[in-house]
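Presented below is the structure to which this report refers.
FYI, it's all coordinate maths here, none of it is from the lab. As the structure is a prediction and not an experimental result, all values here were calculated from the model. Cβ placement follows ideal geometry from the backbone for every residue including glycine, while neighbour counts extend to all protein chains displayed.
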Amino acid sequence: MGFWGFCFRTLVFALLWWILTQGDINSWLVGAPVVLLAVLASWWLLPAISWSLSGIVHFIPFFLWRSLYGGVDVARRALHPKLPISPGLHDYRWRLPPGLPRVFMANTVSLLPGTLSTELGEEHLRVHVLDQSGDFIPELSIVEERVARLFGLILVDDESEE
């Protein structure tokens, strides 16, 4: 973790402490060591992450739209039971590297219409879908591409590795 990373994490945890204590100045006797320990723990548990500013700018509207659309789709299915529902599990093969990008994708997938991440495997993400006949595989690929862009990563297809 570089100097700016240390400063950023310290600022975030100090802000959280300030909010939790409602700005009580007397709480900093305990708060300063707690903030320092939180920064060190976060450094150990979550090493520095590479983010892409353009990836963030493109991901936010995508995330908001897909979250809204997912909620509307599930509500529509609940209110109109004659819609085609054919639940099942699907294993989606990872192209993202292990770690935070995969966890981030799994959480994002749960916001897509009719999908829920159920297992983070070494080789795949297991996804529960409400309608197996739907076109959910391209959606999963789009999410993975957006997450890769967010983290400044380049995805590698299995076919290109051979």
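Note on D135, D91, D73: ascending count of other Cβ atoms within 10 Å places them as D135, D91, D73, the fewest first. Between L96 and any residue 5 or more places off or on another chain, the built amide H atoms are never under 5 Å apart.
What is the order of T115, T10, fewest Cβ neighbours within 10 Å to most? Show your work: numbers first, answer last.
On the way: T115 25, T10 15.
Arranged by neighbour count, lowest to highest, T115, T10 become T10, T115.
Grouping the Cα pair distances of the stretch 3-45 into 10 Å bins from zero gives a pair-distance distribution of 31, 54, 15 percent in increasing distance order.
Taking each residue as 0.36 nm, the span from T10 to W28 lengthens on full extension beyond its C-alpha to C-alpha distance by 5.1 nm. Distant-in-sequence amide contacts of L83, defined by a placed amide H-H separation under 5 Å and a gap of 5 or more residues or a different chain, comprise nothing. Just checking the listed ones, L120, L140, L79: in the Gaussian network model of the chain with Cα springs under 10 Å, the one fluctuating most is L79.
Can you tell me how the stretch 53-161 classifies by the Cα gyration tensor, rounded, prolate or oblate, using a/c under 1.5 as the rounded cut? Walk me through the numbers before you get to the answer.
Working: a/c = 2.36, a/b = 1.45, b/c = 1.63.
Oblate, because a/c is 1.5 or more while a/b does not exceed b/c.
Taking every DSSP helix (H) stretch of at least 4 residues in the chain, weighting each as -39,500 (n - 2.57) and dividing the sum by the residue count yields a mean residue ellipticity at 222 nm of -18500 deg cm²/dmol. Between W44 and H90, what is the FRET efficiency for a Förster distance of 35 Å, r being their Cβ-Cβ separation, to the nearest 0.05? After rounding to 0.05, the efficiency reads 0.50. Kirkwood's formula applied to the C-alpha pairs of the stretch 36-83 gives a hydrodynamic radius of 14.2 angstrom.
Could you grab the relative contact order for the chain? Cα pairs under 8 Å, six or more apart, rounded to a whole percent.
Working: 164 pairs, mean separation 40.5, N = 162.
Relative contact order, the chain: 25 percent.
Of E145, E122, E139, how do they rank once you tally other Cβ atoms within 10 Å and put the fewest first?
Numbers: E145 15, E122 7, E139 18.
In order of increasing Cβ crowding within 10 Å: E122, E145, E139.
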